[in-house]
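Data first, discussion second: the structure below is written as structure tokens.
The values are calculated or read from the model by the stated rules, or taken from the named source; none is laboratory data. Just so you know, these numbers come straight off a predicted model, no measurement behind them. When we count neighbours, we look across all protein chains shown, and the Cβ atoms used for this are built from the backbone with ideal geometry, even at glycine. SASA here: full protein model, heavy atoms, side chains in, ligands and nucleic acids out. Shrake-Rupley method; radii C 1.70, N 1.55, O 1.52, S 1.80 Å.
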Amino acid sequence: MFESLTDRLHSAFRKLTGTSQLTERNINEAMDEVRTALLTADVNYDVTDAFIKDVSQECLGTDVLKSVTPGQQAIKVVYDKLIALMGSEAVELNFASVAPGDPLIIMLCGLNGNGKTTTAAKLANFLQKKYKKRTLLAACDLTRPAAIDQLEVLGQSLALPVYTDRTSKDVVAVAKAAVETARTKNCQVVLLDTAGRLQIDEPLVQELVRVKAAVNPHEILLVADGALGQEAVSVASHFDKALDVSGIILTKLDGDARGGAALSMRQTTGKPIKFITTGEQPMDLETFHPDRMASRILGMGDILTLVERAQNEFEEAEAKKIEEKVRNASFDFDDFLKQLGRIKKMGGIMSLLKFLPGMNELPPEVMDEKNFRHTEGIIRSMTPAERRLPETINASRRARIAKGSGSTPQEVTEQIKTFMNMREFMAKMSQGGSAAMLGNIFGGGGLAGMANMLQNSAMGAGIGKAAGYAQNGISQQDAAAKAREKAKKEAKRKQEKAARKKNRHH
């Protein structure tokens, strides 16, 4: 979502990091570019104006101007201000206000088409998995055709109970009955999926006001499309004025939204963004962390969120087993295929790579999903014995594998060699526990070779090392710089190699 904003901000920061001294002139020039970047990303004009003013004043302060690295200090100011703009810290659901024996009542509201029903299912799934709270979904959208059917299908797919009443046209009665059903079924949470409209209208608002008065929800969450742009401010303000919402869920942040809503809604309403959705899968909902989002916007990655996603998919016993195989260099292609299946459940390798520092700076060939599908095809053309003992694959076996996978024997040889090198590298890394070596895995290497290394080690058995990488306090910004430098060196090396080859032909 923030790719365009990230690129524009990098362009502005290059002018600062390349200077030995900050002046009012170069600060203003950089801030003009930052202003353009924010406005292009659909950030509200007033929010942008206040943000630029705050950043400019602090960048011209004594502490920044007299620092050893004024350019980097200026970027740190932008980072801190972005965090403050989005709310400083993550805000949890208000379980403390629930009386003993009662369920936490959450009412979702928002415009039609913003993904309210699917978000209700994602949130219920999140609550059951993270908080172990049995959650009842309540179909309170009696207006949209098939809304009840959709919620029932989603609930069934996630093994979640769903309350419906197809005969009633009274939303208030349905909501009250749903809350009572949650009590009798010992559900700790009840989620009210209310009706939306194509535009804000008074009948909708009054219907929601009546539901609020009847069930007195502990949380009223506004579900807002991340692509709303400038309109996000007026929509959020309207719902907040009528219902006094307790928080916001931003949806569709995996799409082509320019990100303005995430930077505008918290500032204009004063209400926190509590969750974001980043895909179509049930697990694609996460707690909103302003500091992590600021890190993503500035291209510094988000290691902690990546680790949390991995922890949700990798069981402790399995992780220990894989760690042992990595340590003694017995990690094989079968292990890789299992990890690849886990990665697909986590949203795919490409979506995960975006959480790593410096990935936005790498050549597009590295981020090509075809590289990974091609690798998988080669591995699946091997026999079980060959996957367990890749060192036994001789020339005739390579020819057969190549034929079965639609590749060449040379490509098969390259994949096997890369895997063997990666396995040896991971074994050394696990013994040394070096975070710097992990940074090298994340940061660079050849196109196919680095892609495979990332796919196997960083996303598979090496995922646990990412936690150590973050916890050891190593600067993500430094890691991003190293990644960019390594990628540039690799690109230069390939260009020189191509030039030498061309000269030989001549």
### Summary
Contact list, first residue from the range 27-56 and closer than 16 Å to S11 by Cα, second anywhere and of a type in the set (S, T, N, Q) and open to solvent by 30 Å² or more (accessible area, probe 1.4 Å), beta-carbon distance below 9 Å, six or more apart or interchain, is E33/S11; A37/S4; A37/S11; T40/S4; A41/S4
### Summary
Selection from the range 136-173 of residues in a helix (DSSP H, G or I) and buried (at least 22 other Cβ atoms within 10 Å of the Cβ) yields L151, G155
## Note on the structure
Filtering the range 14-63 for residues that are at pLDDT 85 or above and outside any helix (DSSP H, G or I) leaves a count of 0
#### Entry: Options E180, E152: the member that is free of Cβ contacts under 8 Å to residues at least 24 places away in the same chain and within 28 Å of the chain's Cα centre (by Cα)
E152
### Query
Do you know which of the residues in the range 368-395 that are open to solvent by 50 Å² or more (accessible area, probe 1.4 Å) and within 27 Å of the chain's Cα centre (by Cα) is modelled with the highest pLDDT?
H374
#### Entry: Output for the range 90-115, where each listed residue is over 17 Å from K271 (Cβ atoms) and either of a type outside the set (V, I, T) or assigned to a helix (DSSP H, G or I) (or both)
F95, A96, A99, P100, G101, D102, P103, L104, N112, G113, G115
### Message
Can you confirm whether K81 is modelled with pLDDT under 85, open to solvent by 30 Å² or more (accessible area, probe 1.4 Å), within 21 Å of R296 (Cβ to Cβ) and not β-branched (V, I, T)?
### Response
no
## Note on the structure
Reported set for the range 21-53 where residues are under 20 Å from V233 (Cβ atoms) and among the small types (G, A, S) is A37, A41, A50
### Message
Being within 28 Å of L108 (Cα to Cα), modelled with pLDDT of 75 or more and among the β-branched types (V, I, T): is that true of T278 here?
### Response
yes
### Long-range neighbours under 6 Å by Cβ, at least six apart or interchain, first residue over 18 Å from A120 (Cα atoms) and part of a loop (DSSP other than H, G, I, E, B) within the range 251-264, second at pLDDT 70 or above and not hydroxyl-bearing (S, T, Y)
A257/G226; A257/A227; R258/A41; R258/D42; G259/L5; G259/A41
